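K.L.:
Sending over a structure as structure tokens; questions will come in a sec.
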Amino acid sequence: MTRIALLGTGLIGRFYTESLHGKRSRDRVALVYSRSEENARAFAEEFDIPRHTTDLQAAVNDSEIDAVIIGLPNHLHEQAVVAAAEADKAVLCTKPLGTNAAESLRMLQAVEKAGVFHGYLEDLVYTPKTLKALGSVQAGAIGDVLWVRSRETHPGPHSDWFWNKEFSGGGAIIDMGCHCIEIARNFIGKDIRPVEVICWADTQVHPVDVEDHAVGMVRYENGAIGQFEVSWAFRGGMDLRDEVAGTEGTIWLNHWLRTGMEMFSAGGQSGYVAEKAESDTGWLFPVGDEAAALGYVDMFTDVLNQLESGGKPMEDFYDGYIVNAIIDAAYASVQSKQWTAVELPLWRGRTNVPHVGVSRDFDEEHLLIKREKMPSGATKLILRHKTTGEVSQRVVEAE
Ligand SMILES: NC(=O)c1ccc[n+]([C@@H]2O[C@H](COP(=O)([O-])OP(=O)(O)OC[C@H]3O[C@@H](n4cnc5c(N)ncnc54)[C@H](O)[C@@H]3O)[C@@H](O)[C@H]2O)c1
């Protein structure tokens, strides 16, 4: 059993606690911190947490705590990480790790210097569908990954601080692009270096100083592309979708809207339907087990198993730092309107990796460009001559 101090009693604190205490889990939030006594007490009562405090230092230094989970606004992650590391506690931090890569790198250095366990709580790489898809990709089911498209859009976040750059570090890119970027990294290969980013962003709808819509592309050293599409201006609930295109196959994932449960209710279902749902009448898309569908259950299973066994979780602070570095390049690209290099003062992956492109030999003289079965039943072959480069076609009649 891991005894946890939870910092923050907002939306993510609720999801985390429900996931940890859910089913027959042995892990417990043993102490909860909130800056407001009233919120701390109410949260502790609701989730049967024995102790609560309004003193963050006391929470992380508590002698009966093994691990600290950080569920505070983005600008407070660094000080909480440093306090937990100095208290010699395992530290698990929500996304994004920092408001920029410099902050994230300092957090990585703090936990490594202290020698404490660290986990980056990137739940969306742990959804059951994503884990299944990652297994298939790693087993070679779709060949080499060429392009990953990841999309997270909804009508905007639920708390004031997200909309204020000073507290959040940015808009939809840092809030949701962090998920999409890490999903793509997992499919493309976390040891492949992200090289450069081009990104468009705008504030299309909301009266704020941060972007509420963005589309970006991250080019990796092996030529693969990770595309992220994020919006706080999307209407209709929360849309979470991923596409993975490989040399030998394709995967499409739909995590939220229209995932298999569709319900019509004329009278309304009196309140909450699913995260960021915009209506409780008409056609609705409820989710059977939200915490599981969003990856929280498998995430804590991995992270706490690794903590107990002295291993390394699927996502740690190094990953959070790489994601922040890609986001920094995206913001710079929005300003310059140019492809912008990802600055990685620390890189632990591979270098000089080969390009993902494949070459298919057809015969001694030709490469095969394309083979297609035609309506006549014949097979058409498009070929390229190896020395002259000439492109030609051959039709092989059906037998
Ligand atoms: N899928 C995910 O992994 C996911 C989802 C939602 C939020 N998050 C992350 O979790 C963190 C918190 O987001 P949230 O949705 O729970 O926000 P929230 O606004 O619902 O809750 C924030 C919590 O922090 C507290 N807080 C705010 N300002 C504070 C301050 N100055 N000092 C101390 N406490 C303060 C609030 O009282 C509240 O308890 C953010 O980093 C966010 O990006 C992650």
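The values are calculated or read from the model by the stated rules, or taken from the named source; none is laboratory data. In this text, all values refer to a predicted model and were calculated from it rather than measured experimentally. Counting neighbours? That spans all protein chains shown, and the Cβs are built from the backbone with ideal geometry, glycine included.
K.L.:
Determine which member of the set G236, G223, G216 is more than 14 Å from H154 (Cα to Cα) and part of a loop (DSSP other than H, G, I, E, B). Let's see the steps before the verdict.
P.N.:
Values: G236 fails: more than 14 Å from H154 (Cα to Cα); G216 fails: part of a loop (DSSP other than H, G, I, E, B).
None of the other options fit; the residue is G223.
K.L.:
Another one. How many residues does the stretch 127-158 contain that are under 20 Å from the mean Cα position of the chain (by Cα) and either within 30 Å of N61 (Cβ to Cβ) or of a type in the set (D, E, K, R) (or both)? So that I can check it myself, show each step before the final result.
P.N.:
Quick first cut of the stretch 127-158, residues under 20 Å from the mean Cα position of the chain (by Cα) only: 127-138, 145-158.
The next check asks that each one be either within 30 Å of N61 (Cβ to Cβ) or of a type in the set (D, E, K, R) (or both); those that pass are 129, 132, 149, 151-152.
Counting residues in the stretch 127-158 that are under 20 Å from the mean Cα position of the chain (by Cα) and either within 30 Å of N61 (Cβ to Cβ) or of a type in the set (D, E, K, R) (or both) gives 5.
K.L.:
How do the strands (runs of 3 or more DSSP E) wholly within the stretch 1-101 filter down when requiring 1 or more residues that are near the ligand (Cβ under 9 Å from one of its atoms) and free of Cβ contacts under 8 Å to residues at least 60 places away in the same chain: which remain?
P.N.:
Values: elements: 3-7, 28-33, 51-53, 67-70, 90-94.
Where strands (runs of 3 or more DSSP E) fall fully within the stretch 1-101 and carry at least 1 residues being near the ligand (Cβ under 9 Å from one of its atoms) and free of Cβ contacts under 8 Å to residues at least 60 places away in the same chain, they are 28-33.
K.L.:
Another question, if that's okay. Is it the case that the stretch 187-197 has a residue that's free of Cβ contacts under 8 Å to residues at least 40 places away in the same chain and either of a type in the set (D, E, K, R) or in the same structural domain as D144 (by TED's automatic domain parsing) (or both)? Lay out the reasoning, then the answer.
P.N.:
At the first step, the residues of the stretch 187-197 found to be free of Cβ contacts under 8 Å to residues at least 40 places away in the same chain are none.
Within the stretch 187-197, none of the residues are free of Cβ contacts under 8 Å to residues at least 40 places away in the same chain and either of a type in the set (D, E, K, R) or in the same structural domain as D144 (by TED's automatic domain parsing) (or both).
K.L.:
Further, regarding this structure: Scan the stretch 167-179 and tell me whether some residue there is modelled with pLDDT of 95 or more, surrounded by fewer than 19 Cβ atoms within 10 Å (Cβ to Cβ) and not assigned by TED's automatic domain parsing to the domain that holds A80.
P.N.:
First, pick out the residues of the stretch 167-179 that are modelled with pLDDT of 95 or more: 167-179.
Next, from what is left, pick out any that are surrounded by fewer than 19 Cβ atoms within 10 Å (Cβ to Cβ): 167.
Remaining after also requiring not assigned by TED's automatic domain parsing to the domain that holds A80: 167.
Yes, the stretch 167-179 contains at least one residue that is modelled with pLDDT of 95 or more, surrounded by fewer than 19 Cβ atoms within 10 Å (Cβ to Cβ) and not assigned by TED's automatic domain parsing to the domain that holds A80.
Residue by residue, here is whether (1) without any contact (Cβ under 8 Å) to a residue 40 or more places away in the chain; (2) assigned to a loop (DSSP other than H, G, I, E, B); (3) within 16 Å of the ligand (Cβ to nearest atom) holds:
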| site | (1), (2), (3) |
| --- | --- |
| E103 | no, no, yes |
| M107 | no, no, yes |
| S136 | no, no, no |
| I142 | no, yes, no |
| L146 | no, no, no |
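K.L.:
Can you name the residue in the stretch 148-160 that is in contact (Cβ under 8 Å) with a residue 24 or more places away in the chain and surrounded by fewer than 16 Cβ atoms within 10 Å (Cβ to Cβ) and, of all such residues, is farthest from the ligand (Cβ to nearest atom)? Full working, then the answer.
P.N.:
Going residue by residue through the stretch 148-160, those that are in contact (Cβ under 8 Å) with a residue 24 or more places away in the chain are 148-159.
Among the residues that remain, those that are also surrounded by fewer than 16 Cβ atoms within 10 Å (Cβ to Cβ) are: 158-159.
Numbers: H158: 6, S159: 3 Å.
Ranking the candidates gives H158 first.
K.L.:
If you don't mind, another one. Output yes when any residue across the stretch 208-222 is free of Cβ contacts under 8 Å to residues at least 60 places away in the same chain, in contact with a Lys or Arg (Cβ under 7 Å, 6 or more places away or on another chain) and of a type outside the set (D, E, K, R), and no when none is. Spell out the reasoning first.
P.N.:
Initially, the stretch 208-222 is screened for residues free of Cβ contacts under 8 Å to residues at least 60 places away in the same chain, giving 208-210, 212-213, 215, 217, 220.
Add one more test, that the residue is in contact with a Lys or Arg (Cβ under 7 Å, 6 or more places away or on another chain), and what stays is 209-210, 220.
Narrowing further to those that are of a type outside the set (D, E, K, R): 210, 220.
Checked the stretch 208-222: at least one residue is free of Cβ contacts under 8 Å to residues at least 60 places away in the same chain, in contact with a Lys or Arg (Cβ under 7 Å, 6 or more places away or on another chain) and of a type outside the set (D, E, K, R).
K.L.:
Might you check whether a residue that is under 30 Å from E211 (Cβ atoms), acidic (D, E) and in a loop (DSSP other than H, G, I, E, B) occurs anywhere in the stretch 334-346? So that I can check it myself, show each step before the final result.
P.N.:
Kept after step one, since they are under 30 Å from E211 (Cβ atoms), are these residues of the stretch 334-346: 334-346.
Keeping just the survivors that are acidic (D, E) gives 343.
Right, trim to in a loop (DSSP other than H, G, I, E, B) and you get 343.
Taking every residue of the stretch 334-346 in turn, at least one turns out to be under 30 Å from E211 (Cβ atoms), acidic (D, E) and in a loop (DSSP other than H, G, I, E, B).
K.L.:
Can you find even one residue in the stretch 199-217 that is polar (S, T, N, Q), in the same structural domain as G156 (by TED's automatic domain parsing), surrounded by fewer than 19 Cβ atoms within 10 Å (Cβ to Cβ) and farther than 30 Å from N352 by Cβ?
P.N.:
Among the residues of the stretch 199-217, at least one is polar (S, T, N, Q), in the same structural domain as G156 (by TED's automatic domain parsing), surrounded by fewer than 19 Cβ atoms within 10 Å (Cβ to Cβ) and farther than 30 Å from N352 by Cβ, which makes the answer yes.
Condition check ((1) at pLDDT 95 or above; (2) buried (at least 18 other Cβ atoms within 10 Å of the Cβ); (3) closer than 18 Å to F167 by Cβ) across all residues:
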| position | (1), (2), (3) |
| --- | --- |
| A30 | yes, yes, no |
| P50 | yes, no, no |
| A58 | yes, no, no |
| N61 | yes, no, no |
| N74 | yes, yes, yes |
| V81 | yes, yes, yes |
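K.L.:
Please indicate, with yes or no, whether at least one residue in the stretch 255-270 is modelled with pLDDT of 90 or more and surrounded by 13 or more Cβ atoms within 10 Å (Cβ to Cβ).
P.N.:
Scanning the stretch 255-270 turns up at least one residue that is modelled with pLDDT of 90 or more and surrounded by 13 or more Cβ atoms within 10 Å (Cβ to Cβ).
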